[in-house]
């Protein structure tokens with residue numbers, strides 16, 4: 001717990017608007033992907049076809065799309081950012097691995113790798129000074 005508090009203190013001392021805009025852009029992208037996957041379930045199933053024997057279609061429909069949808073909203077507002085990103089990590093790691101197991105698509109590999117790296121950054125950085133988490137903490 002003390003380690004997280006020290007990370008939050010460091011993040012609040014080094015918060016800049018571009019990092020908040022990056023967090024918001026990440027949340028918008030994940031929200032968009034969640035809506036896109038909900039509306040195009042056959043495309044989502046086709047993407048995860050190489051590892052279907054591990055996961056199954058039920059996991060795809062009931063975990064990936066809602067996790068992106070809800071997690072994206074939470075990340076946009078900066079509410080429970082670390083928890084939302086922890087939920088995203090297995091999906092993003094799976095998206096990177098799929099490119100090596102199935103057909104290699106460099107665009108998807110670069111996109112999923114960059115989103116994974118940004119998520120890892122915000123996992124340690126937190127939601128920042130301009131977020132609902134910070135606002136609620138200041139109200140206590």
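The values are calculated or read from the model by the stated rules, or taken from the named source; none is laboratory data. Just so it is clear, the structure is predicted and the values come from calculations on it, not from any experiment. With ideal geometry, Cβ positions are generated from the backbone for all residues, glycine too; neighbour counts draw on all protein chains shown.
Being within 16 Å of the chain's Cα centre (by Cα) and surrounded by 13 or more Cβ atoms within 10 Å (Cβ to Cβ) is the filter here, so list the residues in the stretch 98-113 that pass it.
108, 109, 111, 112, 113
Of all residues in the stretch 1-58 being in a loop (DSSP other than H, G, I, E, B) and closer than 16 Å to residue 95 by Cα, which is modelled with the highest pLDDT?
Taking the candidates together, the pick is 48.
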